1. Using the 10 angstrom Cβ neighbour count as an exposure proxy, how do S175, S51 rank, fewest first?
2. Assuming 0.36 nm per residue, please report the length gained on full extension of the stretch A62 to A379 beyond their Cα-Cα distance.
3. List I240, I103 from most exposed to least, where exposure is judged by having the fewest other Cβ atoms within 10 Å.
4. How long is the gain from T69 to S92 if the chain were fully straight, where each residue apart is worth 0.36 nm and the alpha carbon distance is subtracted?
5. List the residues, sorted by chain then number, that are 5 or more residues from S179 or on another chain and whose placed amide H is less than 5 Å from its amide H.
6. May I ask you to sort W306, W362 by Cβ crowding, counting other Cβ atoms within 10 Å and putting the fewest first?
7. For K320 and S241, compute 0.36 nm times the residue count separating them, minus their Cα-Cα distance, and round to one decimal in nm.
8. Work the Kirkwood hydrodynamic radius out for the range 355-406: mean of 1/r over every pair of different alpha-carbon atoms, inverted, in Å.
Amino acid sequence: MLQQFLAGGSGFDPSQLAGAAGLPNDPASIAALMSQLQGALRNSSEGIDWSIALKAGEDRAAATQLFPTDEQRAQLDAAFNIASLWLDEVVSVSELSDAPQLITRKQWVTRTMPVWTQLAEPVASSIADALTRALSEQAPEEMRSMVANAGSLMRSIGGTMFAMQLGQVVGQLASEVVSGGDVGIPLLGDGEAALLPQNVAGFGEGLDVEDDQVQIYLAVRELAHARLFRHARWLRLHMISSITEFSRGLRIDNEQLQDLAEQFDPSSPEQLRDALTNGSLIPPKTDAQLAALARLETMLALVEGWVDVVTAAATSRLPKSVAIAEMVRRRRASGGPAESAFSTLVGLELRPRRLREAAAMWQAVTDAVGGEARDALWAHPDILPTSEDLDDPMGLVTRLTQTAEGGEPALDDIDQALEDLLRNDGPERPSEPQV
């Protein structure tokens, strides 16, 4: 396809390329694709122009968005006020410094795209490296210099295609999420909370639950998520770094890529799309990747489990809170088409597998030592519960109970030295010799 496109041949069908990439096959989308590819040809470089992803995502989100009515705004503002008061009763983390916001689907794309591109960058680079490496390995010796020049072009075109795909995925996600923290990872800035009124209304359709109860429940969840990341200042960077660490380990199988190229029929673009979506181009995970994935899944589960437990406690006054919680669990378990597409693009599922164990652990901790001691575990990653604690929550409860009964645990030598240094009461340094 690209060969025909570069040669300007009449046999090139842009709709086939759009279909192979999973992009919309309508005239406007195809025209945008051609424009972006031609721009990539004129301005080929090593980097990826992520503004393409932003534009594609905003356009897709704007096509279906509705602006909130004054009534919706008033209802959701009231829901946030109630949610904040109820959360204060069950958590020790402080409330947000900035007021929560009501945003449209397009605004959600605009505000979250910087994080999406940060997460996708390592995968996009891996794909570009695989394309250029395969190109150079298969080229005859006399064509190596020509291929070296083509490598930059392939990177630019491949990056453009990837950016457009990411934009489409995020634009579709904007029609599915109900809040800033709905997917579990910190997409908004620290201390920022937001609901999407259009999607909140859609969430309540089909439920035999009053709208105000749905609004309050979702407002509590969003505030709990935002408050946690503001309270645990280290958590946002730690989680995003864990995702990018995992993504950097992804590699494309060059042999599979070569086989695909040899067997590919341009008249059947679904063959390429299937190869991209079924994971056949990605080799089995290494031990390092599996370890990184396990740490990341544990962290995602700890965050979501904590949010579930404090939300359940804060919304106990709502008559239908259990029904809404069950709807949240079913929705999380099934996921949506955009979430599946993100899993394909970045190689990461956003649904934590050990969520039930994490929620059970946080509930056991709450029952044993109270909410304040529970929330204190987020102070530092070294004291946060581990995957072993998910397996044996009663062991964690026993340790916490003993600490509560016996006072503060003794600091080890390193911690004590740091404590002394911060308090300026460490051992005196020897004086400098007089000259």
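Values in this text are rule-based calculations from the coordinates and carry no lab data. Keep in mind that what you see is a predicted model, and the values were worked out from it rather than measured. With ideal geometry, Cβ positions are generated from the backbone for all residues, glycine too; neighbour counts draw on all protein chains shown.
1. Ascending number of Cβ neighbours within 10 Å: S51, S175.
2. 110.2 nm
3. Ranking I240, I103 by Cβ neighbours within 10 Å, fewest first, gives I240, I103.
4. Contour length minus Cα-Cα distance gives 4.9 nm.
5. Amide H to amide H, under 5 Å and 5 or more residues apart or across chains, S179 pairs with L196.
6. Placing the least packed residue first, the sequence is W362, W306.
7. 24.7 nm
8. For the range 355-406, inverting the mean 1/r across all distinct Cα pairs yields 10.9 Å.
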